[in-house]
2 protein chains.
Amino acid sequence: MTGPTPRPPRRRDSAATRAALLDAARLRFSRQGFDGTGVREIAGDAGVDAALVFRYFGSKEKLYAEAVRVTAPESAEADPHRPLARLADELLHDVVYGDWRQFDGEHPVLGMLRSSGRPAVRDQLRTQLCEGYLRDFADRLDGEDAELRAELMGALLLGMGVLRSVVGSPALSEAPFDRTRTLVARMVHGLSVADPAPAPDSGPESGSGS
Amino acid sequence: MTGPTPRPPRRRDSAATRAALLDAARLRFSRQGFDGTGVREIAGDAGVDAALVFRYFGSKEKLYAEAVRVTAPESAEADPHRPLARLADELLHDVVYGDWRQFDGEHPVLGMLRSSGRPAVRDQLRTQLCEGYLRDFADRLDGEDAELRAELMGALLLGMGVLRSVVGSPALSEAPFDRTRTLVARMVHGLSVADPAPAPDSGPESGSGS
DNA sequence: AGGGTAAGTCACCGAACGCTGACCGGCACG
DNA sequence: CGTGCCGGTCAGCGTTCGGTGACTTACCCT
């Protein structure tokens, strides 16, 4: 239970060692957050001495930044003309229900939430989310509220990820994917149509924070 | 910049000191997470010695558990018969856009995300979310997917909170409340109606995680 | 006024933290 | 065969951590 790899006595290979450190860091940082993870722990998982972390990455912070940097949202850019509903469906499949075993089973953004007390992590998180995902959403919508609607769709997917992997809420964790998919499509549909549902009658007094 | 209170030499009063420690702990734990906050820091904010933390609360963990425990979701239980759209609207106003100055401006659940690497925090988080909020949603819905739909609505609100306060995404942070409210109502509406939008045509191959 | 008690402080423990520089040893090359 | 280099280890720096127990001090009651 101490390390993920049963440690074959690896040959001398700086590239492989660097990669092993990154793999271990991804798992640990995702699971336990930045502050909850020590460099000795990561190095132990990788089967090397902790000093190598500083030789290869300079500092714990730089190791973190490199470990959680996500490659690219290679989806969402193939065909710039497919409808929003289709985009949401693909992202649901690839992002929320994707294979993120490298990051302990959840999208790295969810792991970053666990370290979002650090300003540097918040910046990286905002950049990856806004420029990596939300902008593609907004480009695909028209109307003056395009960005707001894009962020609402992102909020739904993000919240689903949190409920599923962090909270482990029962229904979302166990429901068949196709059923969830249909319901998500219905919600996203509400962002596309013109005016299906007016504002709820006489809600809480609007426009004032208590 | 060291402490929030300019420290009038408070009189000896165990109840007031306990409360001051709890207030400081709420702010610090919400902002920086459990691991990113030291007991000396909290005690310094409250203007007392760190040893009092252990006298009054026993351990840092117990202080945390008591600090982030939310009183009660006193909304969502007044009238058990109002429709889902109305409930969602109220929660949007009270939870996402509520006054959580005590917790550094965000619902305590969002702060708990920042410490969700600790199993104890995850448990508390799951309990508060599932039993405090999601169950009320599900009770108000009918159909076999009541719980799943309830969690999807919760996911939307939760994701909005994350985007707004953690990520600070531009549109959600600045959009007028009434506009956001209308769009959320549309999305939630999709969870109530019978069959407005079928599943998107030929999405990614369903039922298989790669 | 005097004493008991509780509120608060102080000094300190062992462990873990991020990080550094000196050192060691296997491998490739002349 | 010798030697330089580089991947890796080791010991340890200074600091901070959560937590403990003895001590001091202010307040209340008689």
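Nothing in this text is a laboratory measurement; each read-out follows from the coordinates by a stated rule. All values reported here derive from a predicted model rather than from experimental measurement. No Cβ is skipped: glycine too gets one built from the backbone with ideal geometry, and neighbour counts run over all protein chains shown.
Provide Rg and Dmax in Å for the range A:14-68, with only Cα atoms included in the calculation.
9.5, 27
What does the structure give for A:126-135 when I average, per residue, the other chain Cβ atoms found within 10 Å of the residue Cβ? Intermediate values should be presented prior to the final figure.
Values: counts 6, 1, 1, 6, 6, 0, 0, 0, 6, 0.
Neighbouring Cβ atoms belonging to other protein chains average 3 per residue here.
Take peptide B:172-185, look around each residue's Cβ out to 10 angstrom, count Cβ atoms belonging to other protein chains, and average those counts.
Numbers: counts 8, 1, 2, 6, 3, 4, 4, 5, 5, 5, 6, 9, 8, 7.
If you average over the peptide's residues, the count of other-chain Cβ atoms is 5.
Starting from a label point 7 Å past Cα on the Cβ side, list the distances from B:ARG101 to the same position in the other copies, nm, shortest first.
5.1
Which of B:MET153, B:MET112, B:THR127 sits closest to the plus end of the dipole of the range B:84-192, meaning its Cα is farthest towards the positive end, when Lys and Arg get +1 and Asp and Glu get -1 on the C-beta?
Going by the charge dipole, the pick is B:MET112.
Can you tell me the Rg and the Dmax, both Å, for the Cα atoms in the range A:84-192?
Calculated on Cα positions, Rg and Dmax stand at 14.1, 39 Å.
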